[in-house]
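The next block holds one structure in the form of structure tokens; read it before the comments.
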Amino acid sequence: MKKICGIICEFNPLHEGHKYIIGEARRQGDVVCIMSGNFAQRGSSAVTEKYERAVMAADAGADLVVELPFPWCAAPAEFFARGGVTVAAALGVTDLFFGSESGDLSLIEAASRLEDDAEFCRLVSIRHAGAVGYAAARYEACLEYMPDVAGVFSSSNDMLAAEYIRQSRALGLAFCFHAVKRIDTPSASEIREKMNFHDGLEDILKTLFRLGKYDKGSFDSESGILSLLEKAARRAGAFSESARTKKYTDSRLRRAALLSVCGVKKSDLENTPDFTVLLAASDAGRRIVSGAKGIEVVTKPSDSSSVQYESEKYADTLYTLCMENAAADYFLKKSPYIY
């Protein structure tokens with residue numbers, strides 16, 4: 001049986017490193033990209049809307065591009081990975097490919113088990129109780145507890161890969177994992193920096209917080225972050241920068257603001273997606289879609305029957321405010337790229 005090779009991705013923007021991973025996956029079977037929608041994991045808006053990025057992925061060799069839907073696409077690694085592997089399994093993915101700084105699958109798998117290790121979690125909690133952010137606390141704890149593995153927690157791709165493996169194990173999903181060592185090419189964040197990308201999302205979120213248009217019981221509300229954001233919204237200056245502390249990074253603050261404005265609760269993220277949006281498909285991709293199980297593959301956004309899709313529609317409408325000359329229903333009228 002031919003393999004179905006999955007890549008959970010953002011392509012924000014798509015670059016040579018991404019093309020390399022697609023090529024490596026393509027050597028073994030059909031390629032399915034489960035790509036973030038209009039918002040990225042760091043709580044920012046994507047540099048290009050999801051349908052345009054899907055066309056780029058198709059041109060790079062993907063057979064099928066579907067969406068990792070909101071809110072999972074804008075969630076912390078645990079929930080981002082949980083959403084991604086759920087969609088992959090529903091589409092019959094057999095092999096999961098991911099970019100990796102180390103290229104060492106054994107190290108990544110070892111790191112994937114630490115989050116469920118009581119002693120490791122205790123060491124992390126001790127460090128995180130102070131002014132140290134969670135990512136730094138986890139890295140420091142690993143240096144003490146299992147130093148050979150610590151590099152995984154200082155490498156963004158390896159860290160996310162470990163979470164893919166952990167969530168797959170927790171959900172009882174069986175994939176063959178492939179760690180593709182990163183090639184020497186500018187990263188997506190470096191490219192975005194050179195683009196000097198600014199879409200006005202922070203200004204929009206700040207305005208909504210200043211007007212009280214957000215959910216005070218949303219995800220991350222128990223951490224005290226929303227209180228920081230409330231105060232920052234009343235000040236002059238950049239929104240997340242005004243709220244930043246040693247403990248909370250810009251990414252976590254932006255993500256908390258975005259999820260709060262969209263009314264996303266922790267229970268929403270703890271669920272798994274019951275839908276995905278078809279963004280692009282070849283003949284092989286359409287055959288994969290026809291075999292999907294346990295998930296609605298939305299081809300016409302205005303006709304989705306999923307209750308979860310309401311959050312997606314709200315987020316897409318918010319994203320239209322970041323676009324030039326886009327109507328509020330822009331994404332409800334979009335169609336997948338068929339090639």
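List of remarks:
- Lone qualifier among Asp250, Asp283 - being farther than 16 Å from Lys213 by Cα, modelled with pLDDT of 95 or more and surrounded by fewer than 24 Cβ atoms within 10 Å (Cβ to Cβ): Asp283
- Entirely in segment 1-101, the strands (runs of 3 or more DSSP E) that have 1 or more residues that are polar (S, T, N, Q): 29-36, 95-100
- So Leu171, is it in the same structural domain as Ala25 (by TED's automatic domain parsing), among the hydrophobic types (A, V, I, L, M, F, W, C) and surrounded by fewer than 18 Cβ atoms within 10 Å (Cβ to Cβ): yes
- If you go through segment 298-314 and keep only what is closer than 19 Å to Ser335 by Cβ and not polar (S, T, N, Q), you end up with Val298, Lys300, Pro301, Asp303, Tyr309, Glu312, Lys313.
- Residue within segment 185-198 that is touching a residue at least 60 places away in the same chain (Cβ under 8 Å) and over 30 Å from Ala243 (Cβ atoms) present: yes
- For the residues Met35, Met56, Met1, the requirement of being modelled with pLDDT under 95 and either surrounded by 24 or more Cβ atoms within 10 Å (Cβ to Cβ) or farther than 30 Å from Glu241 by Cβ (or both) singles out Met1.
- From the options Leu201, Leu205, Leu229, residue that is touching a Cys at 6+ places or on another chain (Cβ under 7 Å) and buried (at least 17 other Cβ atoms within 10 Å of the Cβ): Leu201
- The lone criterion from (1) over 30 Å from Ile225 (Cβ atoms); (2) free of Cβ contacts under 8 Å to residues at least 24 places away in the same chain left unmet by Lys333 is number (2).
- Matching residues in segment 232-247 - criterion: being under 14 Å from Leu208 (Cα atoms), surrounded by fewer than 21 Cβ atoms within 10 Å (Cβ to Cβ) and not aliphatic (A, V, I, L, M): Arg234, Arg235
- Residues located in segment 150-186, provided they are more than 17 Å from Ala137 (Cα to Cα) and part of a loop (DSSP other than H, G, I, E, B): Gly172, Leu173, Ala174, Phe175, Arg182, Ile183, Asp184, Thr185, Pro186
- Candidates Val297, Val289, Val307 - the one that is part of a helix (DSSP H, G or I), of a type in the set (A, V, I, L, M) and either out of contact with any helix residue (DSSP H, G or I) (no Cβ under 9 Å at 6 or more places or on another chain) or crowded, with 18+ Cβ neighbours inside 10 Å (or both): Val289
- Any chance Lys206 is basic (Lys, Arg), over 22 Å from the mean Cα position of the chain (by Cα), in a helix (DSSP H, G or I) and over 30 Å from Ser125 (Cβ atoms): yes
- All positions within segment 107-149 that are within 17 Å of Glu78 (Cβ to Cβ), among the acidic types (Asp, Glu) and part of a helix (DSSP H, G or I): Glu109
- Scanning segment 324-338 for residues that are under 15 Å from Arg53 (Cα atoms) and either loosely packed, with under 14 Cβ neighbours inside 10 Å or not hydrophobic (A, V, I, L, M, F, W, C) (or both) yields Lys334, Ser335, Pro336, Tyr337, Ile338.
- Any hit, segment 314-321, residues being under 22 Å from the mean Cα position of the chain (by Cα), assigned to a strand (DSSP E or B) and aromatic (Phe, Trp, Tyr): no
- Qualifying residue in segment 262-271 (condition: charged (D, E, K, R), touching a Gly at 6+ places or on another chain (Cβ under 7 Å) and in contact (Cβ under 8 Å) with a residue 40 or more places away in the chain): yes
- Given (1) buried (at least 17 other Cβ atoms within 10 Å of the Cβ); (2) of a type outside the set (A, V, I, L, M); (3) more than 22 Å from the chain's Cα centre (by Cα), number of the condition Glu144 does not satisfy: (1)
- Within segment 1-51, being under 11 Å from the mean Cα position of the chain (by Cα) and not hydrophobic (A, V, I, L, M, F, W, C) holds for Glu10, Asn12, Ser36, Gly37, Asn38, Gln41, Arg42, Gly43, Ser44.
The values are calculated or read from the model by the stated rules, or taken from the named source; none is laboratory data. These numbers come from a predicted model, not from an experiment. Note that each Cβ is placed from the backbone with ideal geometry, even for glycine, and that neighbours are counted across all protein chains shown.
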